[in-house]
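Please treat every number below as a calculation from the coordinates, not as lab data. Computed from a prediction, not measured in an experiment: that's the story for all the values here. All Cβ positions, even for glycine, are placed from backbone atoms using ideal geometry, and neighbour counts span all protein chains on display.
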Amino acid sequence: MSREGQRLGCGGAGGIGIGVLSLDMLGQVLDRLREPRDHKACRLVSHALERAEAAHRRALRALRREPLPRLLRAFPALEQLDLSACASLDDASLAAAVAGADLGIRRVCLARASGVGWRGLEALVAACPRLEAVDLSHCVGAGDREAAALAAAAGLRELRLDKCLGVTDMGLAKVAVGCPRLEKLSVKWCREISDIGVDLLAKKCRELRSLDISYLQVGNGSLKSISYLGKLEELAMVACSCIDDEGLELLSKGSNSLQTVDVSRCDHVTSQGLASLIHGHNFLQKLHAADCLHEIGQCFLSKLATLKETLTVLKLDGLEVSVSLLEAIGEGCDNLVEIGLSKCSGVTDEGISSLVARCSHLRTIDLTCCNLITNNALDLIADNCKMVECLRLESCSLINEKGLDWIATCCPNLKEIDLTDCGVNDAALQPLAKCSELLILKLGLCSSISDKGLAFISSNCGKLVELDLYRCNSVTDDGLAALVNGCKKIKLLNLCYCNKITDGGLIHLGSLEELTNLELRCLARITGIGISSIAIGCKSLIELDLKHCYSVDDAGLWALARYALNLRQLTISYCQVTGLGLCHLLSSLRSLQDIKMVHLSWVSIEGFEMALRVTCGRLKKLKMLSGLKTVLSPELLQMLQSCGCRIRWVNKPLVYKD
Amino acid sequence: MSSCSSPWKSTMDGNQNDICGQSANLTSNPLYYQFGLDNPLFGMGIQQPFPPSTSPFGASSSTNIPHMDWKPAMMLDNLTFIEEKIRQVKDVIRSMVDNGGQLPGRTGDIVQQQQAVNADLTCLIVQLISTAGSLLPSLKNSSFLSHPPAGHMDMANHVGSSSSMVPYTTISEENNEDTKDGDEGGDAGMDGENLLPGSYELLQLEKDEILAPHTHFCSICGKGFKRDANLRMHMRGHGDEYKSPAALAKPPRDASTEHAMVKRYSCPFVGCKRNKLHKNFQPLKTILCMKNHYKRSHCEKSYTCSQCHTKKFSVLADLKTHEKHCGHVKWLCSCGTSFSRKDKLFAHVALFQGHTPALPSEESKVSDQVGRVGSHQEPAKLTSSMGSFMWDNSSGDDTVLDIKGLDSCGDDFLSTANFGSFNFSFGPLDEIKGNPSEGSFAMLPSEHFQSVREKGEN
């Protein structure tokens, strides 16, 4: 519980202080609470606050389906409903939850709610007349019928259908006709959609501002249709291999007001096409051209200069760049905020020098795999770009503590730094500790980082949210002890292959209450005891990876089953668990939706059968050995699939790593 | 064929007018007429390769060069070049004439020289053509050239070129590429459908002939065949004299038939537009066209589609074409209109406000999906098939859950009352002892598990 929560809680305990305030006032107070945990505390200590919350609560994220009907009635002011993590949600339960209610919900997130079909959506749309935004992404089973159900919501403004693999032109046409006020639409990965569908969409939804057609098989014809969308500002067409320069030229002749264009991985787009695009859209702000260009023509550079005032984001990943090119960019676009040069060959200190000389507003610099740059480049960045917040330097092995020292000194706003595989040591972390704003720190594969370095980090980086120590195998339990001392806000922690860590270290980690994702792959020394302390201490844990943790046994699973109630993703491949532990785990964890259990050699076939039956359709993803495919009962597999579970069968030999 | 010919009607009518207009012109200029005959491959004005001064058709061409779009300076250059070249060739030939008697033994040299001369001459011709070709744009607008005598051109295919025309035919071959993209080079002009009456040989077969299944009959046994080649193969059985390569070979096209008039066909059905007595008579082009036309228009439709049992056809090929599409997904609009093609449906939907594509009916959709991936559309059915296995957990849970479900931070959710019994053979039972979750298993009657096992072993 945070300090705010505690203070309010105390007030409630007094009994008088809170009660005299009006519901409105209390609502205002509650609006200012950020952590869900604090909301709960308030609700528990004071009836007044509970009533205020009931009247004021706008957003709700349901984790299980059973309380859903009551929750929707308890919070009449709800506007946002997130059902993406709601385990075993299906048509019947969704329809029952919304049945008969006149809800004011505007936004619904159903991402990965693979159990929900068109019947549920129809009921939802009917019950929420004010629906404005729906996210149905990654419901791979969703198709035209689901799209048609959503099309009944005439007021829809935002719709995400990413990876709804069954959606075809027909479904898109349904949406286009049914929701003429659509402003944002994403049909990424809906591979069945063709030019015909996009054309109709462009004719019917004239209000579109943002459109994502990435990974579609559409051609230049679509771009021609899209070019007539007068209000279009954002267009993403990642990996549309049928689109080429001709299409971009058609687009440039259109009437839209494009600000953001993403042509990453469009194999047939060249700098010529981009030049014509820029020619038509003088107010382009963001241009993503990662992994599509092979060389930059002079025409593109001269056009780029016309975007001098507006361009803020430029991504050129995978391009062969030269000093002159970087110089031209630096001179042409001095308002750049973000530049992506990931995997660009030919980026040198000289190039960086000419780039940053004019671009003093840069906040994000991605130099992943630009392995020619040295400390000099870092010095130049530090000198010129004081606002830098994000610096990605993966595999830049020529840099060391000297360069980082200057960065840390000059750029106090640094929030994210990626030093994966840079070979930096503890000495580099000492200066980095000066960056008290640091949120994300990635130190994977830097095997010389030890407890000492972690102690530096924990001394000043109290805001750290994500820490990646993948294969930092000098880190021991003491390092973790030091870490949790200072960095209590860590949510994501990767300790894979740090094989010196034992249960003692995990006991320290137990004090990280906000930890959500923990990866402990291949820590052969940890046992059920360590897992227990994590399960008990890390109450927010959502994802846990225990692959190749050979000493973890049923005791660990019992602890997880008992305490890790928010756990959604779990990997226990190669663990020494039995069928009994597995059964108990799967029957108890009601939020669990994704489990990987390959090579559980101690679990019998009956064990798997039983364990999977007790999940009662909560699982959405499952990874198992393909040998089990034939021995598990067909009706079990059918039942799993009917509840929207995707099973990934793997066939690999049992290999023990250390 | 009727369906195919009707769209052409209007253009043909138009062309006929043109031809009428030209005929006066043509008859008054016999030279031109012949010229037209000789250049079947060109839409128009292939005669321009010849500079005005050298044109054999001086009269007509001189009246038809109103503009001077080409650059005089360039033209002069070209002409100078040609002149120079001619002089060179002349020199060579002169030297050949001079040396001819003196060196009779060196025939190789002479052959070489002749080849060189030939090459030079070819070069000259090409140069002449390209020079004259630059005049082409200026001639384009001239009145008579822009309307080629299309009907006659078609006939020209069958008219052999006289010896005097040889150079012109070579010219036309070389220049073919250049004029291809001319405005008039379309199929319409070459169609031959607007032949003048009398310019072709008109044939009218009788009904029996048309409907006869075979057109080639064995002269010995009387067996009929559709194709002459099949007849020839058949003839082998009648004796060795039919097995010779000459007898089996395709009969060579008679030289005389090449020059014969174009054949056109008339439908025997009086009153039909394709009948020669009709006042707007339009002949049929080939014998196949006529057969199909007669069957489609004047015969009973005896072939019925085996899928829809409604569509009938009199030509077998039409039935086969229909059957390819029959029964395929119909693209339906919410207004009830159906389309055979998706793009047509989408164009319709785009045009009319409020219309929307209709998805296939419910039943077929569901059955589709069940077949496809054991769909999630039918949980109820599957549940019932699971027998005692799908414990109804939702009813039990509702009593346990309270508002804590909101953040799910409560720790009293370990209700496994809905969970099955555990006394079976995997994992050592001892491990349960001393576990933090004692009492959380409410055992179900063991017959539940028995059924599980049976199912599992299936």
Å³ per residue enclosed by the Cα convex hull of segment A:247-287: 58 Å³
Express in whole angstrom the spacing between the alpha-carbon centres of segment A:339-386 and segment A:402-425. 13 Å
quick shape note, segment A:102-149: Cα extents on principal axes in Å, largest first -> 28, 16, 15
If you average the sequence gap of Cα pairs under 8 Å that are 6 or more apart and divide by the length of chain A, what percent do you get for the contact order? 5 percent
Taking Lys and Arg as +1 and Asp and Glu as -1, residues besides A:Arg206 with C-beta under 15 Å from its C-beta add up to +3
Taking B:Lys273 as the anchor, which lysines have their alpha carbon closer than 28 Å to its alpha carbon, excluding any fewer than eight residues away along the same chain? B:Lys9, B:Lys207, B:Lys226, B:Lys263, B:Lys285, B:Lys291, B:Lys295, B:Lys301, B:Lys311, B:Lys312, B:Lys320
Å³ per residue of the Cα convex hull, for segment A:549-658? 86 Å³
Largest-first principal axis extents of the Cα set of segment A:607-656 (Å): 32, 18, 16
Rule-of-thumb check for chain A: C-alpha Rg over 2.2 N^0.38 Å? 1.03
Shielding of B:349-359 by partners, i.e. mean partner chain Cβ atoms within 10 Å per residue? 6
If each part is reduced to its alpha-carbon centroid, segment A:582-617 and segment A:176-194 end up apart, in Å, by 38 Å
Hey, fewest Cβ within 10 Å first, where do A:Asp554, A:Asp477 land in order? A:Asp477, A:Asp554
At a 10 Å Cβ-Cβ cut-off, how would you order A:Asp102, A:Asp426, fewest neighbours first? A:Asp102, A:Asp426
Relative contact order for segment A:165-259: what is it in percent, counting Cα pairs under 8 Å that are at least 6 residues apart? 26 percent
Taking the beta-carbon count within 10 Å as an exposure proxy, list A:Ser22, A:Ser194, A:Ser604, A:Ser227 from fewest neighbours to most. A:Ser22, A:Ser604, A:Ser194, A:Ser227
Hey, what number do you get for chain A at 222 nm if only DSSP H runs of n ≥ 4 count, each worth -39500 (n - 2.57), divided across all residues, to the nearest 500? -11000 deg cm²/dmol
